[in-house]
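Read-outs: derived from the displayed coordinates by stated rules, not from any lab. In this text, all values refer to a predicted model and were calculated from it rather than measured experimentally. As a convention, Cβ positions derive from the backbone with ideal geometry for all residues, glycine included, and neighbour counts pool all protein chains shown.
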Amino acid sequence: MRQQISKDLFAYWNGLKGARAAPDRADIDPVKIRHILADTFIIEVDADRAFPLRLSGTRVNALWLREHKGLSFVDLWREEDRLGLRAALMTVVEGVTPIVAGARSSGPGDIPLELELLLLPLRHFGKTHSRVLGALSPAYQPDWLGHLAAGPLELVSMRVMEPSICRPSASFRRAERVRHRLRLVASHGLCRDVDNAF
């Protein structure tokens, strides 16, 4: 993780879960993470795999100049990245493992904007396969943020965070059969980068 927002959210989530695989949604106290709330979101795991946003921070909304609560998180991404993103989300849910990813968008004049995506599993009323806590933080705050809309997100790289459960889900393995796919690479017992294969 490179962005402080990701590091702070991961540290908070990790402290909440303790010996459990994941904390419960009810454990989260917004006051404890108020300094990063604008960059965070919560995704619902639905049967259609649209992954609607249950909560969406103000800076996340500002990237596209609209409130995203209730809208599909997957639809924020390029068409060619959506299968890989769904597979990554299911790896978080089924593997109960955090993922950090590199993303890219563009602003006015196609100026690239690099972002970091963090996805963390959550229980909801004790149920697994229910929620994903996340953060989407730009490498810098562009001067056009909140005034002009960013383009669709592009999935650039990905890393599984916990070495003890470094394994792709069945959904992830199915996604490997498409041309624009993600690839898990394990080295020395640690999960390394997962890069797009172009």
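Restricting to the range 77-114, count the residues that are part of a loop (DSSP other than H, G, I, E, B) and without any contact (Cβ under 8 Å) to a residue 60 or more places away in the chain. Explain how you work it out, then say what you get.
Restricting attention to the range 77-114, the residues satisfying the condition of being part of a loop (DSSP other than H, G, I, E, B) are 78, 96-98, 107, 111.
When the remaining residues are screened for being without any contact (Cβ under 8 Å) to a residue 60 or more places away in the chain, the result is 107, 111.
Total satisfying the criteria: 2.
Inspection of the range 95-109 finds a residue satisfying the criterion of being over 25 Å from residue 11 (Cα atoms), in contact with a Gly (Cβ under 7 Å, 6 or more places away or on another chain) and surrounded by fewer than 22 Cβ atoms within 10 Å (Cβ to Cβ).
Comparison of 34, 25, 20, 2 shows that the only residue that is surrounded by fewer than 19 Cβ atoms within 10 Å (Cβ to Cβ) and in contact with a His (Cβ under 7 Å, 6 or more places away or on another chain) is 25. Of all residues assigned to the range 31-51, at least one qualifies as being among the basic types (Lys, Arg), touching a Phe, Trp or Tyr at 6+ places or on another chain (Cβ under 7 Å) and closer than 19 Å to residue 13 by Cα.
Any chance you could count how many residues in the range 115-156 are part of a loop (DSSP other than H, G, I, E, B) and either on the phi > 0 side of the Ramachandran plot or not aliphatic (A, V, I, L, M) (or both)? Of the residues in that region, 11 qualify. Take the conditions (1) hydrophobic (A, V, I, L, M, F, W, C); (2) touching a residue at least 60 places away in the same chain (Cβ under 8 Å); (3) touching a Gly at 6+ places or on another chain (Cβ under 9 Å); residue 156 misses just one of them, which is (2).
Yes/no per residue for (1) of a type outside the set (Lys, Arg); (2) crowded, with 18+ Cβ neighbours inside 10 Å; (3) outside any loop (DSSP other than H, G, I, E, B):
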site	(1), (2), (3)
38	yes, no, yes
43	yes, yes, yes
49	no, no, no
66	no, no, no
75	yes, no, yes
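Residue pairs whose Cβ atoms lie under 6 Å apart, separated by 6 or more positions or on different chains, with the first residue in the range 26-52 and closer than 14 Å to residue 131 by Cα and free of Cβ contacts under 8 Å to residues at least 24 places away in the same chain and the second of a type in the set (A, V, I, L, M) and in a helix (DSSP H, G or I), are 27/16.
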